[in-house]
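Please read the structure below before turning to the comments.
The values are calculated or read from the model by the stated rules, or taken from the named source; none is laboratory data. Note that the structure is predicted; figures quoted are calculated from it, not measured. Cβ atoms come from the backbone with ideal geometry, glycine included; neighbour counts cover every protein chain shown.
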Amino acid sequence: MRVPFLITAVIVSAGVLLSLVLPDYHLRLLNLSVVSAIALIGLNFAFGYAGLISLGHAAFVGMGAYGLAILTTRMGWSPWRAMLVATTATAAFAGLIGLPLLRLKGHYLALATLGLNVSFYIVAANWIDLTGGTNGISRIPELTIAGRAIAGERPFLWFGLAVLAAITIVAFMIHTSRYGRAMIAVRDDETAAAMSGIDVTMTKIAAFVLSAVCAAIAGCLFACHVRFVAPEDFSYAHSITYLAMLIVGGESTIVGAILGAAVLTFLPEWLRFLGSAYLAFFGLMMLAILVFLPSGIAGLGRYLPRLRSPTRAAPASVSAKELGP
Amino acid sequence: MADLSQLLINGLAIGSVYALAAIGFVIVYSATGVVNFAAGQFVMFGTFAGVAMLINARLPWPSGYGAALAAMALFGALFFFVVYLPLRKSPIVTIIVATVAVGITMQNVALLTFGSWPFRLPSPVEGWTVTIAGTVVPAHFVAVIVVTAVMVGLLWLLFYRTPVGIGMRAVAQDIQAARLMGLKVNRLLALSWILAALLAGVAGLMLGPIWFADVNMGDPIALKAFAATIIGGFGSLPGAIVGGMFVGLSEVLGASYVSSAYKDLISFGIMIGFLLVRPQGVFGERIQDRG
Amino acid sequence: MSILQARAITKQFGGLLALSAVELTIAAGEFVAVIGPNGAGKSTLLNILTGLLMPDGGQVLFDGKDITRLATHKRVRSGLGRTFQHGRTFARLTVLENVMIGAAIRGDRTERAIRDAALAVLDQMGLAAEANESIGSLSYGRRRMVELCRALACEPRVLLLDEPAAGLNSGEVDQLVDRLTELRARQQLTIVLIEHNMGMVMRLAERIAVLNFGRKIADGPPAQVQADPAVLSAYLGHGYNRASV
Ligand SMILES: Nc1ncnc2c1ncn2[C@@H]1O[C@H](COP(=O)(O)OP(=O)(O)OP(=O)(O)O)[C@@H](O)[C@H]1O
Ligand SMILES: [Mg+2]
């Protein structure tokens, strides 16, 4: 248990240090990184551990965000209470939809979750009475602690880091428990997992629900921070960005998830000199990372221990062809 | 209230475009195992290849179309070398994210080249109309359906009557066996990508006059092609055709009889329904893994 | 009293009849070998016994209860263990973690108890020194031993082994035979062994069942099966078969 606490402490203190030196604009990006990191720790359960290719993660972030926005602005609930209910509802939805959905594998699951995300977008953009349509919902209240609003970039960052630290520690605890091992086993070999007494379906659903819980919490934080939600923020393009963050961060690890979120959130800023060519360059850069650095940033660290124990094997990967029907 | 036969023609025309996009997607998938998330951007490139040749270069339509398709074939080969070859052994998610990433590049290259202002790509039969069963419909819609039918016929000839096509089918069925039989597997794989790009080119040229040529048109097309593929049956060519027609019709009929806002929910709802109840689609093979 | 029983199991793959009305009864404490030429349907029978495949006809009974439709993990939890023909371990887990997956089968165990149980199995099977190795750093033979440990950690009453000696060198095979003999002596373990290595079969099996083209063609004590002309013809091919009829 010591290592995860150490890592969490490093991340949080790095964040706090940065919060003292960075200008407001960068703090804003840092806040977005923290929110994405929370969502990504969730996606890491589903994809990184259990191997469920979800292209619908942004829909769960959106459900959390819209749930909170609707409950606070329409029903006048406190953000805390709304957060609890929105997160629970998202988790319940994930469990219900997961039951039939998670029988699918590989690209079938990818396309089904993509369809889910697109459907969420269509509903959010068109159910105007409830969601405000493409105009979204504004004037979402801020979170308050002991009567004081968590307003402004800096205080929100501190709060966000605290939440991230808590979620990271919980994630590490799950990772090292029988449940985390079961998820990894299911990804490595479903048949052998069942043959070792693991309930494969339940394990997948648990991973999916966990991923939805983290996504919904991230969505609620996003809504309270930006104080405005619109369908655009939760389109399937964001789901793909989440997957990209996880792959760039690398190696299906919690630390990789956090790194990936930070790097891809700051990347547009670092590449500002490219101007309008940024996105065209971004795609090629992603391609280069996938080709030359398939195990991501966290995978770079692997090269050091590899020098000491050269026999260490790369994780098994399944090629597209093998997964075909 | 637009009358039914007009809607049907309209739906079949749009469906034809989706079907062509889906066929390209399926050809690449069966041959190479790649789920190409840039498939929609391929069609967008097709439309803009038309814009470049017909509007910017002011070529007359036969040579303009020819030049556009030649450009698409080149692009297919480029994609094979730059994206497929380096990633062919990667896990499926890596390939999904990579093709999305390349799609983002394609979209933004188009944006940088052509700007965000939509173009109107003219049709060779611009302004003509055809009367079918007493309804007047634009000749372009009928032309799209006819061209698609011809393309399907040509594909059938290619796959079942020419050595190259039969080789491509052999590669799709069992790449190892094809290699042992002495087929030039890499060349056939490259051909699959070129063929997919060509089909996307045809789809894009035909779609240009129906929608506006817009650099953001790729995503909606890709989503429709995915829905068509799942509904028809993943990996099945007849399935891609039937699925494409189904999605086109449900979109057009749904918009006019149900709700234009929720028209797309119909095809995606049906796609998810198929995935849950019959993931092999209408024509697909049963999915089972070996115990 | 039979602990595991296959009743008239039939399984078809497309046009191929992989199993045809196969009967197999295993008594508690017995060591039975199932042999047969490649493609005879041996692994398919195991897949049906463990619920990885559904039979087209017939029943599977465990402890006298019909488990034909029971999910695999539930069969495992009620005492059915198995290893696979090609060795299936979890590549992203360490040796110890692989075995801990099996040891976690008892829901009431704490993390510490799971670890201790897994270590005990590794110790018993002579793998304790490799507990913290990654699976990838092990030889194929050692990996198959890890898989066996994982199956044992599930505390099975019946253990089904699909060609455990395939890919092992002769030293490893001897070791495997010793371990299996020990296991039988120490625990009340019932073992069903699929194996092509006839030396190993003859050293261990109390009874041998022979499958050929999806049919059981012999079932009895080793000496009797060895002398059975139908078995000889199955192994020597059709020519012999026709000549002998
Ligand atoms: N999932 C499946 N789908 C289609 N055919 C299968 C499947 N599993 C097995 N078969 C076929 O069923 C027959 C029996 O296979 P099985 O694996 O049970 O043989 P086996 O006796 O275990 O052979 P070996 O000694 O080679 O392991 C073979 O012809 C095999 O090709
Ligand atoms: Mg076998």
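The residues of the stretch C:60-81 that are assigned to a strand (DSSP E or B), under 15 Å from residue C:24 (Cβ atoms) and in contact with a helix residue (DSSP H, G or I) (Cβ under 9 Å, 6 or more places away or on another chain), listed by number, are C:60, C:62, C:80.
Out of everything in the stretch C:21-53 that is within 14 Å of another protein chain (Cβ to nearest Cβ) and out of contact with any strand residue (DSSP E or B) (no Cβ under 7 Å at 6 or more places or on another chain), what residue ends up being farthest from ligand 1 (Cβ to nearest atom)? So, considering only residues that are within 14 Å of another protein chain (Cβ to nearest Cβ) and out of contact with any strand residue (DSSP E or B) (no Cβ under 7 Å at 6 or more places or on another chain), the one farthest from ligand 1 (Cβ to nearest atom) is C:51. With respect to the conditions (1) modelled with pLDDT under 90; (2) under 25 Å from the mean Cα position of the chain (by Cα), residue A:146 lacks only one, and its number is (2).
Checking each residue in the stretch C:3-20 for being within 15 Å of ligand 1 (Cβ to nearest atom) and either in a strand (DSSP E or B) or within 14 Å of chain B (Cβ to nearest Cβ) (or both) picks out C:6, C:9, C:10, C:11, C:12, C:13, C:14, C:16, C:17, C:18, C:19, C:20. There is no residue in the stretch C:171-186 that is assigned to a loop (DSSP other than H, G, I, E, B) and surrounded by fewer than 17 Cβ atoms within 10 Å (Cβ to Cβ).
Picking from residues in the stretch A:57-81 that are at pLDDT below 95 and of a type in the set (Gly, Ala, Ser), the one that is nearest to residue A:211 (Cα to Cα) is A:78. Pairing residues of the stretch C:159-174 that are within 14 Å of chain A (Cβ to nearest Cβ) and aliphatic (A, V, I, L, M) with residues that are in a loop (DSSP other than H, G, I, E, B) and within 12 Å of ligand 2 (Cβ to nearest atom), at Cβ distances under 8 Å and at least 6 apart in sequence or on separate chains, gives C:161/C:195.
When the stretch C:148-196 is examined, which residues are found to be away from ligand 1 (no atom under 16 Å from the Cβ) and among the charged types (D, E, K, R)?
Listed by number, the residues that qualify are C:150, C:155, C:157, C:172, C:174, C:178, C:179, C:182, C:184, C:186.
Taking (1) closer than 13 Å to residue C:211 by Cβ; (2) more than 16 Å from ligand 2 (Cβ to nearest atom) in turn, residue C:27 satisfies each apart from (1). Could you look through the stretch A:60-107, keep only residues that are more than 14 Å from every other protein chain (Cβ to nearest Cβ) and basic (Lys, Arg), and pick out the one that is surrounded by the fewest Cβ atoms within 10 Å (Cβ to Cβ)? The qualifying residue surrounded by the fewest Cβ atoms within 10 Å (Cβ to Cβ) is A:74. Helices (runs of 4 or more DSSP H) fully within the stretch A:184-274 that include at least 2 residues being within 28 Å of residue A:3 (Cα to Cα): A:200-226, A:236-249, A:254-270. The condition (being within 18 Å of residue A:191 (Cβ to Cβ), more than 14 Å from chain B (Cβ to nearest Cβ) and surrounded by fewer than 16 Cβ atoms within 10 Å (Cβ to Cβ)) is satisfied by just one residue among C:74, C:65: C:74.
Answer yes or no: is there a residue in the stretch B:88-98 that is basic (Lys, Arg), within 14 Å of another protein chain (Cβ to nearest Cβ) and touching a helix residue (DSSP H, G or I) at 6+ places or on another chain (Cβ under 8 Å). The answer is yes; a qualifying residue exists. None of A:258, A:198 is within 14 Å of chain C (Cβ to nearest Cβ) and buried (at least 23 other Cβ atoms within 10 Å of the Cβ) except A:198. Among the criteria (1) within 16 Å of ligand 1 (Cβ to nearest atom); (2) among the charged types (D, E, K, R); (3) without any contact (Cβ under 8 Å) to a residue 60 or more places away in the chain, the one residue C:82 does not fulfil is (3).
Would the stretch A:294-311 turn up any residue that is modelled with pLDDT of 85 or more and either surrounded by 15 or more Cβ atoms within 10 Å (Cβ to Cβ) or charged (D, E, K, R) (or both)? Among the residues of the stretch A:294-311, not one is modelled with pLDDT of 85 or more and either surrounded by 15 or more Cβ atoms within 10 Å (Cβ to Cβ) or charged (D, E, K, R) (or both), which makes the answer no. Within the stretch C:140-158, the set of residues being touching a residue at least 60 places away in the same chain (Cβ under 8 Å) and under 15 Å from residue C:119 (Cβ atoms) comprises C:150, C:152, C:155. Residue by residue through the stretch C:133-157, note down the ones that are outside any helix (DSSP H, G or I) and either crowded, with 22+ Cβ neighbours inside 10 Å or within 11 Å of chain A (Cβ to nearest Cβ) (or both). Across the stretch C:133-157, the qualifying residues are C:133, C:134, C:138, C:139, C:154, C:155, C:156. Annotation: of all residues in the stretch A:166-181 being within 7 Å of chain C (Cβ to nearest Cβ) and assigned to a helix (DSSP H, G or I), the one that is surrounded by the fewest Cβ atoms within 10 Å (Cβ to Cβ) is A:178. Each residue in the stretch A:132-150 was checked for being touching a strand residue (DSSP E or B) at 6+ places or on another chain (Cβ under 7 Å) and not in a loop (DSSP other than H, G, I, E, B), and 2 of them qualify.
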